[in-house]
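Read-outs throughout are calculated quantities, based only on the coordinates presented, and are distinct from any laboratory measurement. None of these values were measured; they are calculated from a predicted model. Ideal geometry is used to build each Cβ from the backbone, glycine not excepted, and the neighbour counts take in all protein chains shown.
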Amino acid sequence: MQQSNSTSPWLIGLIVFIGVIAVSTGAILVRLATTTAAVNTVGFSLVMSASRLTFAALLLVPTWHKITWNSLQPGALFYAIIAGICLAFHFATWITSLSYTSIAASTTLVTTSPVWVAILSAIGLKEKPSKLTILGIFIALSGGIIIAIGDRNTTAVSQNPLLGNSLALIGAWAISFYLIFGRIAQKRGFQIGGYIAVAYTVAAVILLPLPFFFGTQYSGYPNLVYVYLILMAILPQLVGHTSFNWAVTRTSPTLVMLAILFEPVGASGLGYVFFREIPSLTVVGGAIVILIGVAIAVFGAKSNRV
């Protein structure tokens with residue numbers, strides 16, 4: 001239920017703005033941790049993914065006693081757990097992508113989740129997309145193709161843009177499933193605090209042992225690396241995601257989703273400040289096409305519900 005009539009639009013705008021800035025730091029913190037550790041492996045990407053979600057889950061421990069288990073409908077816990085599995089897969093793939101492609105390409109591709117949510121909703125939930133949504137999907141996919149075939153001049157830590165872009169896209173698919181299953185879990189009785197506590201904990205438990213399979217440890221890195229890992233949990237995870245979850249109950253979810261599209265802009269700007277990383281013109285052009293397509297798809301989804 002929206003509460004826009006009881007909350008100042010200026011306050012909502014401020015919280016959403018803070019949320020956008022917070023999530024924009026995610027890619028930067030990943031790159032800072034990678035360069036500080038001087039380790040660029042899948043195992044270390046999993047260390048970052050697991051640490052981010054573990055710290056976030058631990059900070060949410062106090063919310064567990066507020067979950068009213070008796071009020072949950074059948075299947076609520078199941079879908080929350082499945083959502084957590086998808087979230088783990090999302091971070092494992094997206095964080096790894098930042099070692100192989102540019103910050104601009106990675107964050108733009110992973111922000112296409114509204115497009116994939118629309119497609120999955122049409123297939124799995126039988127929610128017929130509007131013509132505007134379909135147009136937006138095709139435009140966004142065209143932008144993705146532009147990035148895929150033209151991202152050749154990345155200044156990422158390790159230059160393999162095809163792999164990096166593919167991982168970012170898989171990350172977008174995973175977060176889309178996370179959003180779909182999370183919506184079902186909340187419709188079946190979960191409040192947002194209890195839901196994210198369960199999902200984050202499940203994701204953390206799944207990710208924690210994975211680095212060991214790649215011969216990677218959680219210890220032995222410079223102290224600054226651990227500072228970056230804690231900041232990942234606090235800024236993009238808790239501050240960023242919580243800001244959006246708070247805002248969607250007080251204003252139009254469409255406006256919030258459109259605001260999230262500024263994450264690649266913020267991340268790219270921070271990427272230039274910290275790493276002097278300048279995306280190629282192809283990446284910039286493809287990113288603009290993608291963001292336009294996603295915006296059209298979001299508006300189409302809104303008009304379809306009216």
| said: Viscosity 0.890 mPa s, temperature 25 °C: give me the Stokes-Einstein translational D for the chain in µm²/s, with Rh taken as the Kirkwood radius over C-alpha pairs. | reply: 126
| request: Can you tell me which of 107-113, 9-15 comes out highest on packing, and rank the rest after it, using the mean Cβ neighbours within 10 Å? | output: 107-113, 9-15
| Are there trypsin sites (Lys or Arg not before Pro) in segment 1-88 that DSSP marks as loop and that have at most 15 other Cβ atoms within 10 Å, and which are they? | none
| note | Residue separation between Phe213 and Trp69 times 0.36 nm, minus their alpha-carbon distance, gives in nm 48.3 nm
| query | Given only helices, namely DSSP H runs of n ≥ 4 each adding -39500 (n - 2.57), what is the per-residue ellipticity at 222 nm of the chain, to the nearest 500 deg cm²/dmol? | reply | -23500 deg cm²/dmol
| With each label point set 7 Å from Cα along the Cα-Cβ vector, what nm distance links Leu141 and Val61? | 4.6
| query | Which net charge results when you count Lys and Arg as +1 and Asp and Glu as -1 among the other residues whose beta-carbon is under 12 Å from that of Ala267? | reply | -1
| message | Quick one: 3J(HN,Hα) in Hz for segment 76-82, Karplus 6.51/-1.76/1.60 with θ = phi - 60°, rounded, Gly and Pro as x. | response | 4, 5, 4, 5, 5, 5, 4
| note | At R0 = 30 Å the Cβ-Cβ FRET efficiency linking Lys131 and Ile288, nearest 0.05, sits at 0.85
| Extended-chain gain in nm, criterion 0.36 nm per residue less alpha-carbon gap, Leu11 and Ile230 | 76.2 nm
| remark: If one builds a Gaussian network model of the chain from Cα atoms under 10 Å apart, the most fluctuating residue listed among Ile137, Ile175, Ile230 is Ile230
| request: For segment 22-172, build the charge dipole from Cβ charges (+1 Lys, Arg; -1 Asp, Glu) around the Cα centre, then report which of Leu87, Ser99, Ala118 sits farthest towards its positive end. | output: Ala118
